[in-house]
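Written out below as structure tokens is the structure these notes cover.
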Amino acid sequence: MALDQIATMRSLGFDRFAVAGHDRGARLAYRLALDHPETITRIAVLDVVPTAEMWASADAEAAMGAYHWYMLAQPAPLPETLLAADPEFFVRYTLKDWAADGFAFDPENVDDYVSCFRDPASIHGTCEDYRAGWTSDREHDEADRGKRKIAAPLLVLWGRDYSVAKAKPVETWQRWATSVTGEEVPGGHFQCEEAPSETLAALLRFFGE
């Protein structure tokens, strides 16, 4: 996917560019910055720490709070079968659980998410993503740990009411990047939906420097 992004940007006339990503998009972004440092000028990662750090810091609290990392990474067809039993419940529960108390998504958007997740291919793709986190993604990170750092300035944003806030995100990212700044925004995991103004302002400040 990183190579796809590079190819797309080059087709638009950009050999170097800034990148921002949330969740899986942030994981793609930081690997892009690590593997292709000549391409990335600035990088913003929203509500993540590196994949290897997620696995290395696993404890009882993490197992309860981030259960999906462990459940969805199990071999097929176990998680696919469990999710397919009631995909609508899983989507609605997850959105509510990961957002701050009192936040409500647009009902039409949620209906779209549910509709997509009823497709067995979507469920399988979701599980494959977490399996990659346990295998190749983690292995790539561990191969780089202590050997390579992201050279581009990095901004990490995290939601005040989500688990990443407990992971010391700035300190954690300083082990992976040479120049790190961070900022907490209101809400849970979904900053762009829960705190759009604060998130946009932080990104504009960072990318405008």
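Taking the numbered list (1) crowded, with 16+ Cβ neighbours inside 10 Å; (2) more than 17 Å from SER163 (Cβ to Cβ); (3) more than 11 Å from the chain's Cα centre (by Cα) in turn, ALA62 passes all entries but (2). The residues on offer are ALA76, ALA44, and the sole one that is part of a strand (DSSP E or B), of a type in the set (Gly, Ala, Ser), modelled with pLDDT of 95 or more and on the phi < 0 side of the Ramachandran plot is ALA44.
Screening LYS147 with (1) of a type in the set (Lys, Arg); (2) without any contact (Cβ under 8 Å) to a residue 24 or more places away in the chain; (3) in a helix (DSSP H, G or I) gives one miss only, at (3). Restricting the range 111-129 to residues that are in contact with a helix residue (DSSP H, G or I) (Cβ under 8 Å, 6 or more places away or on another chain) and polar (S, T, N, Q), the residue that is surrounded by the most Cβ atoms within 10 Å (Cβ to Cβ) is THR126.
For every residue, the table says whether it meets (1) among the aromatic types (Phe, Trp, Tyr); (2) in contact with an Asp or Glu (Cβ under 7 Å, 6 or more places away or on another chain); (3) closer than 30 Å to GLU53 by Cβ.
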| position | (1), (2), (3) |
| --- | --- |
| LEU78 | no, no, yes |
| ALA84 | no, no, no |
| ALA99 | no, yes, yes |
| PHE105 | yes, yes, yes |
| ARG118 | no, no, no |
| ILE123 | no, yes, yes |
| ASP137 | no, no, yes |
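Among residues that are loosely packed, with under 14 Cβ neighbours inside 10 Å, out of contact with any Gly (no Cβ under 9 Å at 6 or more places or on another chain), part of a helix (DSSP H, G or I) and at pLDDT 95 or above, ALA132 is not included. Screening GLU38, GLU88, GLU108 for residues that are over 20 Å from the mean Cα position of the chain (by Cα), exposed (fewer than 14 other Cβ atoms within 10 Å of the Cβ) and more than 30 Å from ARG16 (Cβ to Cβ) leaves exactly one candidate, GLU108. Filtered by the rule that a residue be assigned to a loop (DSSP other than H, G, I, E, B) and over 21 Å from HIS189 (Cα atoms), the range 14-36 gives PHE14, ASP15, ARG16, HIS36.
Of all the residues in the range 159-209, those that are among the hydroxyl-bearing types (Ser, Thr, Tyr), surrounded by fewer than 16 Cβ atoms within 10 Å (Cβ to Cβ) and part of a loop (DSSP other than H, G, I, E, B) number 2.
Would you be able to say whether some residue in the range 83-95 is outside any loop (DSSP other than H, G, I, E, B) and under 26 Å from ALA202 (Cβ atoms)? For the range 83-95, residues outside any loop (DSSP other than H, G, I, E, B) and under 26 Å from ALA202 (Cβ atoms): present. Taking residues in the range 82-108 that are closer than 24 Å to TRP158 by Cα and touching a residue at least 60 places away in the same chain (Cβ under 8 Å), and partners anywhere that are among the acidic types (Asp, Glu) and surrounded by 13 or more Cβ atoms within 10 Å (Cβ to Cβ), the pairs with Cβ atoms closer than 7 Å and at least 6 places apart or on different chains are ALA99/GLU194; ALA100/ASP161; ALA100/GLU194; PHE103/GLU194; PHE105/GLU193.
Would the range 13-32 turn up any residue that is crowded, with 20+ Cβ neighbours inside 10 Å, more than 14 Å from the chain's Cα centre (by Cα), touching a residue at least 60 places away in the same chain (Cβ under 8 Å) and closer than 21 Å to LEU203 by Cβ? So far as the range 13-32 goes, no, none of its residues is crowded, with 20+ Cβ neighbours inside 10 Å, more than 14 Å from the chain's Cα centre (by Cα), touching a residue at least 60 places away in the same chain (Cβ under 8 Å) and closer than 21 Å to LEU203 by Cβ.
Considering only residues that are more than 20 Å from GLY65 (Cβ to Cβ) and either among the charged types (D, E, K, R) or without any contact (Cβ under 8 Å) to a residue 24 or more places away in the chain (or both), which ones fall in the range 171-186? Correct list: GLN174, ARG175, GLU183.
The values are calculated or read from the model by the stated rules, or taken from the named source; none is laboratory data. None of these values were measured; they are calculated from a predicted model. In this analysis, Cβ positions are derived from the backbone assuming ideal geometry, glycine residues included, and neighbour counts consider all displayed protein chains.
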